[in-house]
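First the structure, in the form of structure tokens, and then the observations on it.
Computed from the coordinates by the stated procedures, all read-outs in this text should not be read as laboratory data. Since the structure is predicted, the reported quantities are computational estimates derived from the model, not experimental observations. In this analysis, Cβ positions are derived from the backbone assuming ideal geometry, glycine residues included, and neighbour counts consider all displayed protein chains.
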Amino acid sequence: MNLLRAAGFLAAGVCIGTYLHTQISVFGTLTWSVVIGIAMANLGLVPENLGDSLAKATKMTLRSGVALLGFSLPLQAVASLGWGVVTTAVLSTVITFVVMVWLGRRLNIAPSGSILIAAGTSICGASAIAGVRDQTDADDNDAGLAIGLITLFGTAVMFAWPLLQPVLGLGDRGYGIVVGSSTHEVGQVVAAASTAGSVALGVAILVKLTRVVLLAPIVATIGVLRWKWPSVLGFEESSQADADGTRKRPPLIPLFVIAFLAFAGIRSTGVLPAGFLDVVETWQTAILAGAMFGLGAGVNLRTLFRSSWRPVLLAFTGTALISGLSLLGVFVLVR
């Protein structure tokens with residue numbers, strides 16, 4: 001019963017986020033949803049008796065939404081971007097992730113926390129945080145802090161790029177590549193790119209989804225390193241429980257990530273009718289908005305502001321790095 005109530009609470013958050021998007025469209029539904037969730041949590045408007053049910057409903061919803069993202073990704077469209085664009089997206093993502101994990105160790109941040117922040121910054125925001133969380137043993141505080149930082153810096157980038165486009169002399173296509181290669185959440189990409197028109201928006205979404213595809217190999221790599229060579233990521237050596245197999249290990253690639261890849265493959269065959277894809281897109285947005293609302297409802301701003309400056313520095317550095325790499329790629333590999 002509590003799970004149903006939690007689902008209803010998420011649905012209410014989606015309705016509020018959707019309405020606010022219709023009134024102030026510069027923010028996407030996903031961004032509005034997470035902001036409303038954070039506001040309600042910190043104003044004491046989240047029912048306390050939902051507890052674990054809300055966390056469980058949010059987790060299920062987020063994973064379902066990530067899986068449905070696969071229907072938005074025709075793989076041949078990614079290939080049509082050209083090697084320079086794809087290389088820019090891949091290198092900016094991988095380099096940022098590796099550097100952030102390394103920097104997290106230098107800053108003495110727990111590996112579970114630094115990996116979540118690195119994944120959220122380099123790949124796809126809260127969706128990536130959900131994808132890698134099981135591989136890191138991260139707790140709710142780690143996840144909440146990572147989501148809060150990703151929301152903060154992703155929103156800052158979302159506002160910054162439209163202001164910087166004329167200063168940097170970026171055309172619509174180049175601007176779309178930069179936005180798609182550097183902005184954290186899909187909703188933030190849409191909000192930032194739409195200011196430059198349909199060409200920039202279309203390119204930005206494809207580039208962003210190219211980064212989303214990297215979720216699967218990065219999650220698998222983290223899983224292998226976490227359990228075979230944990231010290232590489234900064235974890236302590238595997239415990240005796242790990243060695244004996246008495247501790248359950250998560251799959252190298254979560255089922256919902258496999259579903260994402262499968263749905264992308266089905267979309268790429270071209271057999272799905274446009275009407276079906278339109279319906280899926282609507283549900284995908286609604287489900288992800290519900291997940292964003294639920295994630296926001298788990299963010300305690302007092303905890304965020306009381307946290308060490310180190311995670312903030314890590315998130316800021318990662319955001320600056322992926323933005324710089326994206327610009328470098330456009331100027332060097334694409335032009």
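One table, with the values for the structure above:
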| item | result |
| --- | --- |
| Surrounding net charge for Ser53, when Lys and Arg each add one and Asp and Glu each subtract one, Cβ distance under 15 Å | 0 |
| Local electrostatic count, Cys124, Cβ distance below 11 Å [Lys/Arg +1, Asp/Glu -1] | +1 |
| Hypothetical label at Val90: residues of segment 198-215 whose amide nitrogen lies under 16 Å (7 Å Cα-Cβ projection) | 207-215 |
| Exposure rule at most 11 other beta-carbon atoms within 10 Å, DSSP loop GluC sites (Glu not before Pro): the chain longest free segment | 1-235 |
| Pairwise label distance in nanometres, Thr282 with Asn49, each label 7 Å out on the Cα-Cβ vector | 3.4 |
| Global form of the chain, assessed from the alpha-carbon gyration tensor, a/c cut-off 1.5 | rounded |
| Rounded if a/c under 1.5, otherwise prolate or oblate - segment 1-120, Cα gyration tensor axes | oblate |
| Residues in segment 103-138 reached by a label modelled at Trp309 [backbone nitrogen below 15 Å; 7 Å Cα→Cβ] | 107-108 |
| Dipole in debye (nearest 20) - the chain, about Cα centre, beta carbon charges: Lys, Arg +1; Asp, Glu -1 | 300 |
| Non-local Lys pairs in the chain, i.e. 8 or more apart or on different chains, that have alpha carbons under 26 Å apart | 4 |
